[in-house]
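Asks: One structure is given below, represented as structure tokens, and several questions about it will come after.
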Amino acid sequence: IPATYAALRARTLCAISMHLWYDGEPERRLALADQALALARKAGDGETASIALLTKRHALYGPADLSERIRLASQALRGAERCRNQSQRCLILTWRAVDLLEAGDLCAAQRDVDTFERIATAEHLTRFRGFPARWRALCSTIAGRLDEAERHVADGAARMRSSDDPNAEAFAGLQLAALRLEQGRIDEMEALRRAAEPWLAKFRERVRSVRAALAVL
């Protein structure tokens, strides 16, 4: 891609960095995100800069970088708001909510989810249809309301299927596995693992969180 197409080069670097999340190479994915951010800012492209900030947030997906992830997501959100990119706002809000929850600030996380839900509903953003139900499943699991959580997992999966989201079964399987662990239904966790094998096998060697989950099982 010619250097004169700075914004396009930046978005391409973001895409490569995101792909490397599933393929190891944490140092390279962070370097690519930094390059993308520098290019986007040089080009004066606020929307691409917002994408690059979120990409850098993903590249820093580790417990030691939690406060930096929240800062980057907040900065990306302000950029998306200035550009009035509602889909990008929603995407950033979902990730910042996760980070805020990890930081123990459930109230702030819930505010982000409520804002997300208002925007997604008003703008008819069907790609995000399953997220509110998945979030409710997560919160119900944390609170120990496990029967309620299971209903939300099923609702989230149904909503994702209705929008042809290819991740519907994977997301539902992961949340159900967390539920089964809390319920002590270990035999059913093993059944979920076998059902997930077609997509799980691709990630078990390179994604540490997958290896951790399998170690728990």
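Asks: Once both labels are modelled 7 Å past Cα along the beta-carbon direction, what's the Gln110-Arg71 spacing in nm?
Replies: About 2.9 nm, to one decimal.
Asks: Something else about it: Could you calculate the FRET efficiency of Arg82 with Leu146 from 1/(1 + (r/R0)^6), where r is the beta carbon distance between them and R0 is 41 Å, rounded to 0.05?
Replies: The value I calculate is 0.45.
Asks: For Val216 and Glu169, calculate 0.36 nm times their separation in residues minus their Cα-Cα distance, and state this gained length in nm to one decimal. Before the final figure, lay out the partial values.
Replies: On the way: separation 47, 0.36 × 47 = 16.92 nm, distance 2.05 nm.
Additional length available on full extension: 14.9 nm.
Asks: Give me the number: length gained by fully extending Thr4 to Ala38, i.e. 0.36 nm times residue separation minus the C-alpha to C-alpha distance, one decimal in nm.
Replies: On the way: separation 34, 0.36 × 34 = 12.24 nm, distance 1.40 nm.
That pair, Thr4 and Ala38, stretches by 10.8 nm at full extension.
Asks: Count the net charge of all other residues whose Cβ sits under 15 Å from the Cβ of Ala122, scoring Lys and Arg as +1 and Asp and Glu as -1. Spell out each step's value before the answer.
Replies: Values: positive: Arg84, Arg89, Arg118, Arg127, Arg129; negative: Glu81, Asp114, Glu117, Glu123.
Net charge around Ala122: +1.
Asks: Here is a further query. Enumerate the residues in region 201-217 having an amide nitrogen under 20 Å from the point lying 7 Å beyond the Cα of Arg28 toward its Cβ.
Replies: 202-209
Asks: Add +1 for every Lys or Arg and -1 for every Asp or Glu among the other residues with Cβ under 13 Å from the Cβ of Leu100, and state the total.
Replies: Values: positive: Arg57, Arg69, Arg71, Arg96, Arg111; negative: Asp99, Glu102, Asp105, Asp112, Asp114.
My count for the surroundings of Leu100 gives 0.
Asks: Compute the accessible area per residue over region 1-115, keeping the other protein chains in place, probe 1.4 Å, unit Å².
Replies: Details: 5740 Å² over 115 residues.
Value for region 1-115: 50 Å² per residue.
Asks: Tell me the relative contact order for region 74-217 as a rounded percent, counting alpha carbon contacts under 8 Å between residues six or more apart. Let's see the in-between values first.
Replies: Numbers: 125 pairs, mean separation 19.2, N = 144.
Relative contact order, region 74-217: 13 percent.
Asks: Give the Debye-formula value of log10 I(q)/I(0) at each listed q (0.14, 0.17 Å⁻¹), with one equal scatterer per alpha carbon of the chain, two decimals each.
Replies: Here the Debye-derived log intensity ratios amount to -0.97, -1.37.
Asks: Taking the Cα centre of the chain as the origin and placing charges on Cβ (Lys, Arg +1; Asp, Glu -1), which of Ala172, Pro2, His152 is farthest toward the positive end of the dipole?
Replies: Pro2
Asks: Then there's this: Using a 10 angstrom Cβ neighbour count of at most 14 plus a DSSP loop assignment to flag exposed GluC sites (Glu not before Pro), which longest range of the chain is free of such sites?
Replies: On the way: sites that count: Glu123, Glu205.
In short, 1-122.
The values are calculated or read from the model by the stated rules, or taken from the named source; none is laboratory data. Just so it is clear, the structure is predicted and the values come from calculations on it, not from any experiment. We place every Cβ from the backbone using ideal geometry, glycine too, and count neighbours over all the protein chains shown. For accessibility, only protein heavy atoms count, side chains too; no ligands or nucleic acids. Shrake-Rupley method; radii C 1.70, N 1.55, O 1.52, S 1.80 Å.
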